[in-house]
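Below: the structure, in structure tokens.
The values are calculated or read from the model by the stated rules, or taken from the named source; none is laboratory data. If you're wondering where the values come from, they're calculated on a predicted model, not measured in any experiment. All Cβ positions, even for glycine, are placed from backbone atoms using ideal geometry, and neighbour counts span all protein chains on display.
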Amino acid sequence: ILQAARERGTEIPTLCYEESLSIAGACRVCVVEVKGWPRPVPACGTLVQEGMEVVTNSETLTRYRRMIVELLFSERNHVCATCVSNGHCELQTTAYQVGM
């Protein structure tokens, strides 16, 4: 789903996805809703199926993503001297996107 969305210009936030590595789906920040499915799924590790209707942005997804990012920050191990200096921190960018 993630690759298909990106090909169409739809952004889905990710933290653990790296195209050159195997898919782990560990961070769950890329969750999306698929109509008719009982719960959100990670976009990075879910294969596109014909007729699939995917919601990439909703109040529910923003709430889920915010909870996930809050949990990552609550671990208190986000000490990064380089990304604060150069402004390329994906976690911080995602936190801003979800309203933290």
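One line per residue, one yes/no per condition, for (1) in a helix (DSSP H, G or I); (2) in contact with a Phe, Trp or Tyr (Cβ under 8 Å, 6 or more places away or on another chain); (3) not hydrophobic (A, V, I, L, M, F, W, C):
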residue	(1), (2), (3)
Q3	yes, no, yes
I12	no, no, no
V48	no, no, no
G51	no, no, yes
T60	yes, no, yes
R63	yes, no, yes
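Considering only residues that are more than 16 Å from P13 (Cα to Cα) and among the polar types (S, T, N, Q), which ones fall in the range 30-65? Explain how you work it out, then say what you get.
Residues of the range 30-65 that are more than 16 Å from P13 (Cα to Cα), as a first pass: 34-39, 47-53.
Listed by number, the list holds a single entry, Q49.
For the range 66-83, does any single residue satisfy the condition of being assigned to a loop (DSSP other than H, G, I, E, B), hydroxyl-bearing (S, T, Y) and at pLDDT below 95?
no
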